[in-house]
Amino acid sequence: MKRGDQPVAASFSPTYGEQWSPSHRRYPTSARKGDVVLLLSPNSIFFPIVCLSVMSLGAIIATTNPLNTNLEINKQIADSKPVLAFTTTDLVPKLADSNLSIVQIGSGTGNRRIVNTLEQMMTAEPNRNRIKERVTQDDTATLLYSSGTTGASKGVISSHRNLIAMVPTLDS
């Protein structure tokens, strides 16, 4: 990947504008407002980029813990019905039982279900024909799952308004 004429290392720090760019690029699927997009990834700089991009489309981000078992991930997929998954090459096997299309985070190749990479999305020309849907504060932004410590894990939705209301608590 390059920023201008300079190659960018895998651990680059994207600019604020670049963080938002994947949502306005060629999206590899028909993910639209209200659709669920799964994110299976360890913590990285790409985690907020994917989350903010998905939410800016009006789609719902559902995260799953890389330490979850395949059974737990499959239950979450069955419950949330995502249309697409973002994951790293190392975690693709955890999605083997699903038929989700995958956008790869980071490097690696060889899986036919990988329809695009995050890096390619960030450098692609914007799709000017994409209809931008209005996202309101009352729209669902996230579908997060409990750990299931005392029973089966459960999904909890948060609206954009809920996320905005939590911002002041981050300053404490």
Spot the failing condition for V50; the list is (1) at pLDDT below 90; (2) surrounded by 19 or more Cβ atoms within 10 Å (Cβ to Cβ), and only one is missed. (1)
Take the residues in the range 139-156 that are at pLDDT 95 or above and hydrophobic (A, V, I, L, M, F, W, C), then tell me which one is farthest from S53 (Cα to Cα). L143
Positions within the range 74-97 being free of Cβ contacts under 8 Å to residues at least 24 places away in the same chain and of a type in the set (V, I, T), in sequence order: T89, V92
Residue by residue through the range 59-79, note down the ones that are crowded, with 18+ Cβ neighbours inside 10 Å, in contact with a Lys or Arg (Cβ under 8 Å, 6 or more places away or on another chain) and under 22 Å from E119 (Cβ atoms). A59
Among the listed residues T142, T150, which satisfies the condition of being among the β-branched types (V, I, T) and part of a strand (DSSP E or B)? T142
Among the candidates R128, R161, which residue alone is of a type in the set (K, R) and either farther than 21 Å from K33 by Cβ or touching a residue at least 24 places away in the same chain (Cβ under 8 Å) (or both)? R161
Based on this model, can you work out whether P82 counts as in a loop (DSSP other than H, G, I, E, B), crowded, with 18+ Cβ neighbours inside 10 Å and at pLDDT 90 or above? yes
Can you name every residue in the range 137-155 that is β-branched (V, I, T) and either surrounded by 11 or more Cβ atoms within 10 Å (Cβ to Cβ) or in contact with a Pro (Cβ under 6 Å, 6 or more places away or on another chain) (or both)? T140, T142
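The values are calculated or read from the model by the stated rules, or taken from the named source; none is laboratory data. Quantities reported herein were computed from a predicted structural model and do not represent experimental measurements. For neighbour counting, all protein chains shown are included, and Cβ atoms are generated from backbone atoms with ideal geometry for every residue, glycine included.
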